[in-house]
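The values are calculated or read from the model by the stated rules, or taken from the named source; none is laboratory data. Please read these numbers as outputs of a predicted model, since none were measured by experiment. So basically every Cβ, Gly included, is an ideal-geometry build from the backbone, and we count neighbours across all protein chains shown.
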Amino acid sequence: MNPAALPVGVFDSGVGGLTVLNALVGALPAESFVYLGDTARLPYGTKSPDTVIRYATRAAERLVERGIKALVVACNTASAAALPALRERFAGLPVIGVVEPGARSACEQSRTGRIAVLATESTVAGGAYQRAIHALRPDAQITALPCQLFVALAEEGWVSGEVAQAVARRYLQPLLSRPEAAPDTLVLGCTHFPVLAPVLAGVVGPAVQIVDASGAVALALRELLSQKKLGVGEAGGRPRLELLATDGVERFARVGATFLGRPIRPQDVVLVDL
């Protein structure tokens, strides 16, 4: 088979990466995608780096076994901990994470260099966003905040209203208590967080730019496929979208619809074992 005719593989610890998939499908509507949500092992954000690498490698192996032409790690925690290991394990397969595109977008949008990163505990502790931002903008002043409750809010669908606003204010209050040092750019360093963007925008105000890495990841993938001559234009065909989960296909379909931005039928989700 012509490699360009293969789908792009995308994986996440659960449903949050569907926000990335939504951006990928929007930017590359002719491409086929196969998405794997490792719902049996979520969340990755509280696991050790070694465990995340092991889980991410197995998820990637499963997608590679099905035949893919590129891999998008649509999970900030896995991108932070496992990207080098995945690129070594699957040498020759283009692999893109979400941290580097997100960091690049933040550096481009920040006027003052004061950047806040909201992420899971593991992503904050690993320092991947801090390193990626400083590599591009050494003078950046970075504040990284672990916001684990945002994951639960997003998965419960509580993405607006008093509860979401109260949690957002509680997390962000330290950032806003000193206006002269407040960030002008907020990076959503977890794929669950974009569905909370309207609430976050209401708390931080219009002067703060909110960066969702999904769009930047889509642009990076389009450029990479073009460079490698792997774009679907090289092969033609009809786009396909496959959804895989390692547990709870009914919940995956119900909760995932919020992140994908369209309904998902449980019968359209394939249960797989890693």
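Key figures
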read-out	value
Number of positions in the stretch 34-84 that are under 28 Å from Leu153 (Cβ atoms), of a type in the set (Val, Ile, Thr) and surrounded by fewer than 20 Cβ atoms within 10 Å (Cβ to Cβ)	3
Residue satisfying all of: in the stretch 139-168; modelled with pLDDT of 90 or more and among the β-branched types (Val, Ile, Thr); nearest to Thr258 (Cα to Cα) among these	Val159
Boolean, Glu88 is among the charged types (D, E, K, R), touching a residue at least 12 places away in the same chain (Cβ under 8 Å) and either farther than 18 Å from Cys190 by Cα or touching a helix residue (DSSP H, G or I) at 6+ places or on another chain (Cβ under 8 Å) (or both)	no
In the stretch 166-215, residue surrounded by the fewest Cβ atoms within 10 Å (Cβ to Cβ) [restricted to those that are within 26 Å of Asp12 (Cβ to Cβ) and among the polar types (S, T, N, Q)]	Gln209
Residue list for the stretch 85-124, restricted to those being of a type in the set (D, E, K, R) and surrounded by fewer than 20 Cβ atoms within 10 Å (Cβ to Cβ)	Arg87, Glu88, Arg89, Glu108, Arg111, Arg114, Glu121
Hits in the stretch 62-84 - residues which are over 15 Å from Val99 (Cα atoms) and free of Cβ contacts under 8 Å to residues at least 40 places away in the same chain	Glu65
Any chance Val249 is within 29 Å of Thr39 (Cα to Cα) and outside the structural domain of Tyr129 (by TED's automatic domain parsing)	yes
Residue match in the stretch 194-215 (condition: small (Gly, Ala, Ser), touching a residue at least 24 places away in the same chain (Cβ under 8 Å), within 20 Å of Thr46 (Cα to Cα) and not assigned by TED's automatic domain parsing to the domain that holds Pro7)	no
The one condition in (1) touching a Pro at 6+ places or on another chain (Cβ under 9 Å); (2) under 28 Å from Ala125 (Cα atoms) that Thr57 fails to fulfil	(1)
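Matching residues to (1) outside the structural domain of Glu223 (by TED's automatic domain parsing); (2) over 17 Å from Ala23 (Cβ atoms):
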| site | (1), (2) |
| --- | --- |
| Val73 | no, no |
| Ala81 | no, yes |
| Ala85 | no, yes |
| Gly92 | no, yes |
| Ala106 | yes, no |
| Thr112 | yes, yes |
| Ser122 | yes, yes |
| Ala128 | yes, yes |
